[in-house]
Amino acid sequence: MNPLDKLNEFIQKALRVLRVSYRPTSDEFYTTLKITGLGMVLIGVIGYVLTIIFGFLEKGGKS
């Protein structure tokens, strides 16, 4: 299979993906935005809590 055939196959696959995809409605978009934002906040809170816990453990061990 030469490079031109590979390129043609890739283009065909990309066009197939574009044909089945669709633009989300505003409701779907905002739902995705809320879930993503909540996940980012949750990961940040967990990281902050772990930083505080390990900070106390490190200071407590040194006396």
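Each reported figure results from applying straightforward, stated rules to the coordinates on display, with no laboratory input. This is a predicted model, so every value here is computed, not measured.
Under 17 Å of direct C-alpha separation, and excluding same-chain neighbours fewer than eight residues apart, Lys13 reaches these aspartates and glutamates: Asp5. Angle of helix 26-62 to the longest C-alpha principal axis of the chain, folded into 0 to 90 degrees and rounded to 10: 30°. Rounded to the nearest 10 degrees, the inclination of helix 3-20 to the longest alpha-carbon principal axis of the chain is 70 degrees.
Here volume of the Cα convex hull per residue in Å³ was calculated from the structure, and among (1) 47; (2) 134; (3) 69 it sits at label (2).
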